[in-house]
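Heads up, the thing below is written out as structure tokens.
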Amino acid sequence: MAASVLHQCGCAACRSRQPHPDQLLHRQINLLISRLDEQQRRWFATVEATRQGHGGVQRLAEITGLDRQTIARGQRELSSDLADRTTERIRRRGAGRPARERQDAGLTTALADLLELETAGDPMGKRAKGKRRSLRQLSEALSASGHSASRPTVARLLRELGYSPKANSRRGETRSVPERNAQFEHIAEERRRFEAAGVPVISVDSKKES
């Protein structure tokens, strides 16, 4: 349940849409839970379930929409005085959604393949390598090849591959013109031809330093 969404109570009394003594209490419980994080929600539900006595876990599950097992987990954690819960993290270390490249083992390789034909390297190794396409364009190209990745994910992978997330562009130029595309394709083709012939390929940084 998202923390910003106010859950509508699912108990029989509230579902009947008839006024009842606990209607305001149930709404306030859900209002408070909507402002808490994941672990705080189950702890609060546990405390309230204990206060309500027998059948409290079932009632809180109906009121809040939380799973009974979630509330039971909160009971176990509170009974141990939260001994296994850190004060610095909401989730246990290693929990949460795995990185996109762990979900898609071919993602990093697919990105590297896209970058191969448009890399502007730094022969001295003093700066991050540059590339022609923007994060959006690379994200779209990856998706088209079956490797979905958001722009933040692409930016992170670029850094890991030694690239600058920013696209190379001339002054005021925000997109690649056809002539520049043809230029990169020609350079890439020449590089492949030289490599196939066993001839060294040299990268020259001709940008004037200010």
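Order of 105-111, 48-54 by packing, highest average Cβ count within 10 Å first?
For the peptides 105-111, 48-54, the packing ranking is 105-111, 48-54.
So how do K129, K166 line up by other beta-carbon neighbours within 10 Å, fewest first?
The most exposed by this proxy come first: K166, K129.
Order 135-142, 14-21 from most to least packed using the mean count of other Cβ atoms within 10 Å.
135-142, 14-21
Bear in mind that the values in this text are calculations on the coordinates, not laboratory data. A quick note: this is a predicted structure, and the numbers were derived from the prediction, not measured. Quick reminder, even Gly has a Cβ in these numbers, built from the backbone with ideal geometry, and neighbours come from all protein chains shown.
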